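Q: The structure's right below; bear with me while I get my questions together.
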Amino acid sequence: MSASQIYKDNECRILIVETILNKKCVMLVGIYALNTRLEQFYKKFYNIQCDNICIMGDFNAITNQKQGIRKTLPKIFFKMAEELGIRGIWRERNQKRNRYTCYSSRHQSWSRSDMIWMSIKLQQEVEEAEIDGLIIIH
């Protein structure tokens, strides 16, 4: 297996690597989203051209406004996700379950801001999607 770095931002919050997995070209995107300027952040990789893409990391926001938490991903993220054909794999596989990756003592709230979004083609090759563990922020 070989990999090539495609992009790394100056703040070390985005790393894009292209690799071959199971004879398919795959674009792996690791992110640590900023607490602010999320819309500008997601614009940086809006035009990725790849059929097999996996974006993973700390999105620093949630996708479900029904959870009653203040900060959700900006509209540009959902537009990008639709155009790239990516979906959150855990939610796709666990539509009725509630699991969280983070608890904020300050806000007394649970959230799932650590996510993996991938193309439908890649999701078909994943056997299991599970959330294990929890981070507590004081």
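Q: Six or more apart or on different chains, Cβ atoms under 8 Å: show the pairs whose first residue is in the range 64-82 and under 21 Å from Lys96 (Cα atoms) and of a type in the set (Phe, Trp, Tyr) and whose second is at pLDDT 70 or above and part of a helix (DSSP H, G or I).
A: Close Cβ pairs (under 8 Å, with a partner that is at pLDDT 70 or above and part of a helix (DSSP H, G or I)) do not exist here.
Q: Show the residue pairs meeting these rules: Cβ distance below 7 Å; 6+ apart or different chains; first residue within the range 117-128 and farther than 23 Å from Leu73 by Cα and among the acidic types (Asp, Glu); second residue loosely packed, with under 13 Cβ neighbours inside 10 Å and at pLDDT below 90.
A: Going by the 7 Å Cβ cut-off, the qualifying pairs are Glu125/Asn22.
Q: Would you pick out the residues in the range 33-63 that are at pLDDT below 75, outside any loop (DSSP other than H, G, I, E, B), closer than 30 Å to Asn98 by Cβ and touching a helix residue (DSSP H, G or I) at 6+ places or on another chain (Cβ under 7 Å)?
A: Correct list: Glu39, Tyr42.
Q: Something else about it: Being at pLDDT below 85, closer than 23 Å to Glu127 by Cβ and not in a loop (DSSP other than H, G, I, E, B) is true for just one of Trp110, Trp90. Which residue is that?
A: So the residue among Trp110, Trp90 that is at pLDDT below 85, closer than 23 Å to Glu127 by Cβ and not in a loop (DSSP other than H, G, I, E, B) is Trp90.
Q: Of everything in the range 1-32, what is part of a loop (DSSP other than H, G, I, E, B) and touching a residue at least 60 places away in the same chain (Cβ under 8 Å)? Give them in sequence order.
A: Asn22
The values are calculated or read from the model by the stated rules, or taken from the named source; none is laboratory data. Quick caveat, the model's predicted, so the values are computed rather than measured. When we count neighbours, we look across all protein chains shown, and the Cβ atoms used for this are built from the backbone with ideal geometry, even at glycine.
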